[in-house]
Amino acid sequence: MPQGSSHHVVVIVDDNSNPFELGCATEIFGLRRPELGRDLYDFTLCAAQPTTRMRDGFFTLGAVAGLEAAEAADTLIVPNRPDVEVPRPAAVLDAVRRAHRRGARLVGFCSGAFTMAEAGVLDGRRATAHWQWADAFRARYPAVRLEPDVLFVDDGDILTAAGSAAALDLGLHVVRRDHGAEVANSVSRRLVFPGHRDGGQRQFLERPVPDLRDESLGPVLAWALARLDTPLTVSDLAAEAAVSPATLHRRFRAQLGTTPLAWLTGERVALACRLIERGESRLDLVARRSGLGTAANLRAVLRRATGLSPTSYRRRFGPPTA
């Protein structure tokens, strides 16, 4: 697990790679973090050729490490590009296979799932890809358990994001998984980007801009966030928004791609994580302040959300013990 800058993230840049996803990886994993007092990752760009032509010839990338740098990756971000029908170079696929065999974590943004599938590391595994390529992906790689219409999929040592903007969601998810919610929130604030959108949210919204101004969820979300320590229900949120629970559910689906209950639970889990990271060891108090009720419910919900018990979460992300 990354501590300080001991975890090495390597990005393979391939011919016609997308600059946006490369920028996302650099922004999240490559920048120095003076506000945190430490760097989160070591970061390297590498390529199979001395110069790499980026998407549509926007620019040419040079002066990066050779492909051998991938051998030192703890996390390897595989290349993505819009021409999913064009095979990846054999050297790139070999680098992905070798990284997977030695236990490195593989990350694919947008069409990166095609790179992993072509390398043969996705058979029998869960993954996602951009919705416009879902049918083509299924036809070409039927052994992969494709999950369409989600932002990203975390399958342990293989993680995939559906589209360009979802690269930011997945990148922040990785930071949260490695360094905890507090650090991920700090990174998201620097990005001026939502700190947590669950991977199961939809890739695109049926109504991204509300038809009527008073249908915005902003006021009710702010109202709920200020009251997470109270026993809020979906009915309470609906009453505050002056709509029926069914209407509120439709608006959450249309504007956030999730349900009111799932959003509320996610925000409570995030608050519980921050309290634990700040040193609060009394689980009953964490449960009350985050609105999760009891220590038993906190344990169950936190394990479901993070895969860790509160004790394990504190050991990994909490302040050092005296």
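The values are calculated or read from the model by the stated rules, or taken from the named source; none is laboratory data. All of these numbers come straight from a predicted model, not from anything done at the bench. Every residue, glycine as well, gets a Cβ built from its backbone with ideal geometry; the counts of neighbours run over all protein chains shown.
General remarks:
- Taken together, the residues in segment 114-130 that are farther than 19 Å from His173 by Cβ and surrounded by 14 or more Cβ atoms within 10 Å (Cβ to Cβ) amount to 6.
- Boolean, Glu240 is closer than 26 Å to Asp149 by Cα, acidic (Asp, Glu) and in a helix (DSSP H, G or I): no
- Checked against (1) at pLDDT 80 or above; (2) in contact with a helix residue (DSSP H, G or I) (Cβ under 8 Å, 6 or more places away or on another chain), Glu215 meets all criteria but (1).
- Yes/no for Arg288 being free of Cβ contacts under 8 Å to residues at least 60 places away in the same chain, surrounded by fewer than 18 Cβ atoms within 10 Å (Cβ to Cβ) and basic (Lys, Arg): yes
- Among the residues of segment 16-43, those that are under 12 Å from Ala167 (Cα atoms) and among the charged types (D, E, K, R) comprise Glu21, Glu27.
- Residues located in segment 258-279, provided they are farther than 17 Å from Leu237 by Cα and assigned to a loop (DSSP other than H, G, I, E, B): Arg278, Gly279
- A single member of Ala113, Ala129 is free of Cβ contacts under 8 Å to residues at least 60 places away in the same chain and in a helix (DSSP H, G or I), and it is Ala113.
- Answer residue from segment 149-166, given it is touching a Ser or Thr at 6+ places or on another chain (Cβ under 7 Å) and assigned to a loop (DSSP other than H, G, I, E, B) and is surrounded by the most Cβ atoms within 10 Å (Cβ to Cβ) among those: Ala162
- Odd one out for Val243, checked against (1) surrounded by fewer than 18 Cβ atoms within 10 Å (Cβ to Cβ); (2) in contact (Cβ under 8 Å) with a residue 12 or more places away in the chain; (3) of a type in the set (Val, Ile, Thr): (2)
- Test: Gly103 is surrounded by fewer than 20 Cβ atoms within 10 Å (Cβ to Cβ), in contact (Cβ under 8 Å) with a residue 24 or more places away in the chain, of a type in the set (Gly, Ala, Ser) and not in a helix (DSSP H, G or I): yes
- Count - residues of segment 81-126 that are among the aromatic types (Phe, Trp, Tyr) and touching a Leu at 6+ places or on another chain (Cβ under 9 Å): 1
- When Ser17 is tested against (1) closer than 29 Å to Arg316 by Cβ; (2) small (Gly, Ala, Ser); (3) outside any helix (DSSP H, G or I), exactly one condition is not met: (1).
- Selection of segment 54-86 for residues being over 17 Å from Thr26 (Cα atoms) and modelled with pLDDT of 90 or more yields Gly66, Leu67, Glu68, Glu71, Ala72.
- Among the residues making up segment 237-271, those that are β-branched (Val, Ile, Thr) and under 28 Å from Ala184 (Cβ atoms) are Thr258, Thr259, Thr265, Val269.
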